[in-house]
Amino acid sequence: MYVLVAACDEELLGRTLVEGEICFDVNERFYKGSRVTVEEAIDLIRNADTANLIGTRIVDRAKREKLVHPEAVLNIAGVPHAQIVKV
């Protein structure tokens, strides 16, 4: 079974972030699911094949847990975004 985790900081849900030619939609159809704590999200990410993360709290925690390399983080309108793909 392939597992994808999409996690965002709650206040970003439904927002569109725009910076230059980048337009990032924090779409509820993709990101809205079970509301969990950051700790619960990290546990889910550890067991996922792929993760899509947006927001300061979730990305910073993923960096602290060494799930995301700091140089792999893209800032969009001041909001950190990271993707994890296990190969």
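FYI, it's all coordinate maths here, none of it is from the lab. All values derive from a computational prediction rather than experimental measurement. Neighbour counts are summed over all protein chains in view; Cβ atoms, including those assigned to glycine, are modelled from backbone coordinates with ideal geometry.
Scanning the range 33-87 for residues that are among the acidic types (Asp, Glu) and closer than 25 Å to Val18 by Cβ gives Asp60, Glu71. Number of residues in the range 48-85 that are of a type outside the set (D, E, K, R), in a helix (DSSP H, G or I), in contact (Cβ under 8 Å) with a residue 12 or more places away in the chain and farther than 18 Å from Phe30 by Cα equals 2. Residue count for the range 39-55, restricted to those that are touching a helix residue (DSSP H, G or I) at 6+ places or on another chain (Cβ under 9 Å) and loosely packed, with under 15 Cβ neighbours inside 10 Å: 1. Would a scan of the range 18-34 turn up a residue that is in a loop (DSSP other than H, G, I, E, B) and in contact with a helix residue (DSSP H, G or I) (Cβ under 7 Å, 6 or more places away or on another chain)? Checking the range 18-34: at least one residue is in a loop (DSSP other than H, G, I, E, B) and in contact with a helix residue (DSSP H, G or I) (Cβ under 7 Å, 6 or more places away or on another chain).
Residues of the range 33-47 include at least one that is touching a residue at least 40 places away in the same chain (Cβ under 8 Å) and either closer than 18 Å to Pro80 by Cβ or under 11 Å from the mean Cα position of the chain (by Cα) (or both).
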